[in-house]
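Heads up: the structure comes next, in structure tokens.
No lab work stands behind these numbers, since they all come straight from the coordinates. This one's a predicted model, so the numbers in the text were calculated from it and none came from an experiment. With ideal geometry, Cβ positions are generated from the backbone for all residues, glycine too; neighbour counts draw on all protein chains shown.
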Amino acid sequence: MGYWPHILAIIVGAGLTVQIGMNGTISRIVGSPVLASVANFCIGLVALCVVALASGARPAPGSIATVPAWAWFGGLFGAAYVASVTVLGPRLGAVVLLALVLLGQMAAALAVDYFGVVGFPQSAVTPSRMLGAALLVAGVVLIVRR
């Protein structure tokens, strides 16, 4: 497998930071973080449709009807994220905002792994993972204190 998934995750994470600034610019110019978020999702939808068409992606026959109802609402979290960071980015700055977002993600990740919910396999919360999370909390505290 190599390290390419790790490198891709880092690149995507960096892109999220840049996206916040781009959405903030749109929001400032048009005067609405909601419209900036709508623009973000419209451009993203077009890009994903192009990729889906180019790759020939098609759902397996009958598969859409078998998706659990709760799974369809994942897009709401994406919309809440984009709209929230569009508003919060200019107020908090990139470092503080993303440190806090990462803290929330880490807390949720520990919980979903522990309970094995929303499509994740169950995974123990080991002492080393707890130490890593504690160090992350310490890092966030240092970042927020400025």
Ascending count of other beta-carbon atoms within 10 Å, so fewest first, for S27, S55, S32 | S55, S32, S27
Ordering of 85-93, 113-121, 132-140 by burial proxy (mean other Cβ atoms within 10 Å per residue, highest first) | 85-93, 132-140, 113-121
Mean-square fluctuation maximum in Gaussian network of the chain, Cα pairs under 10 Å, restricted to L98, L110, L53, hits L53
Stokes-Einstein D (µm²/s) once Rh is taken as the Kirkwood radius of the stretch 75-117 over alpha-carbon pairs, at 20 °C in 1.002 mPa s | 189
Compute the Cα gyration tensor for the chain, then decide on rounded, prolate or oblate, letting a ≥ b ≥ c be the square roots of its eigenvalues: rounded whenever a/c is under 1.5, prolate when a/b is larger than b/c in the other cases, and oblate in all that remain.
-> oblate
Protection proxy ranking of 71-80, 56-65 - average other beta-carbon atoms within 10 Å, highest first | 71-80, 56-65
Under a GNM of the chain (C-alpha, springs under 10 Å), which listed residue has the highest mean-square fluctuation: M22, M130, M106?
-> M130
